[in-house]
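We did not get these values from a lab; they are worked out from the coordinates using the rules stated. Source: prediction; values computed, not measured. When we count neighbours, we look across all protein chains shown, and the Cβ atoms used for this are built from the backbone with ideal geometry, even at glycine.
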Amino acid sequence: MLGMKTTTCRLLFFCSVIIFLVSCKKENETVNFDYGYNYYPDDSGSYVIYKVDSVIYNDFNPLNLKRTSSQYLKEVVTEQYVDNLGRSAKKVERFVTDSLNHPWHPFNVWYFVKNKTNVEKVEDNIRYIKLTFPVSVGNTWRGNKYNELNHFPFGDLKFTTTNFDWNYSLKEINQNYTYSNVNSDSTLTVLQVADSSNVQKVYSVEKYAKNIGLVYKELWRLDAQLVDDQIYEENAQFGFILRQYAVDSGKE
């Protein structure tokens, strides 16, 4: 009986040790949660090249009411510095050309601040909240809450809108994007606004890919007097349509 009790005690002891070790292992394990920070890379030297197609409607010039154009845009993340709010920021130097076979010309400089909760980007002195973290379908946020100008700067023109307090919404994630030399199976979609009536259409959407950043942008701001089944793209009188496609990316 004594030997049996000793054996039982030893088994219980070894079981206790095993349970203790397993518990310690579980406590020490780290859960790798993906916040989605790599949807907006911030490495200096990283760049994306875009093809930008635009249509401008201008009823002040009836002889040239609708103008279309295409050009290429290159955005390069460059130096880090401290912004006027004391935060670490990165510059985005932007270049344009009418053909990828021609030299790039300096255009302007934007910048962004990326932290643990969001990305703020300043474009033409207007601050937007582009993404919030962690990324998740259904997330909503006031992306334009810092914009007090209530207009879109577009070249030499400015297009006002009656409501610029948009509720951005993350609609899709892990979607495919393929255009030219850019391919990704991890793309998310942010719907910024979709507001349409018979007299005005305002629509904006952006797509971001892991380890690349912005890969697609579409922005409409059009005025018209539509009747029946008329469509904006054919009957607009004033405004613009912009479509921006990522065609290449890399690091300098």
Under a cut-off of 17 Å between alpha-carbon atoms, report the aspartates and glutamates in cross-link reach of Lys90, not counting same-chain residues fewer than 8 places apart. Asp42, Asp43, Glu75, Glu79, Glu120, Glu123, Asp124, Glu252
Between Asp223 and Asn183, with labels modelled 7 Å along Cα→Cβ, what's the label distance in nm to one decimal, could you check? 4.6 nm
Those residues of region 191-227 whose amide nitrogen sits under 19 Å from the label point placed on Thr140, 7 Å along Cα→Cβ: 191-196, 202-206
Would you please give the FRET efficiency between Lys251 and Leu100, computed as 1/(1 + (r/R0)^6) with r the Cβ-Cβ distance and R0 = 22 Å, to the nearest 0.05? 0.75
Extension length gain for Leu149 and Ser69 (0.36 nm per residue less Cα distance), in nm, is 26.2 nm
What's the ranking of 96-103, 245-252 by average number of surrounding C-beta atoms within 10 Å, highest first? 245-252, 96-103
In the structure shown, do any of Lys130/Lys210; Lys121/Lys201; Lys121/Lys210 have a Cα-Cα gap over 20 Å, and if so which? Lys121/Lys201
Net charge, Tyr203 excluded, C-beta distance under 12 Å - Lys, Arg +1, Asp, Glu -1: 0
Once the dipole of region 37-251 is set up from charges on Cβ (+1 Lys and Arg, -1 Asp and Glu), the residue from the list Gln175, Tyr39, Phe240 lying farthest towards its positive end is Tyr39
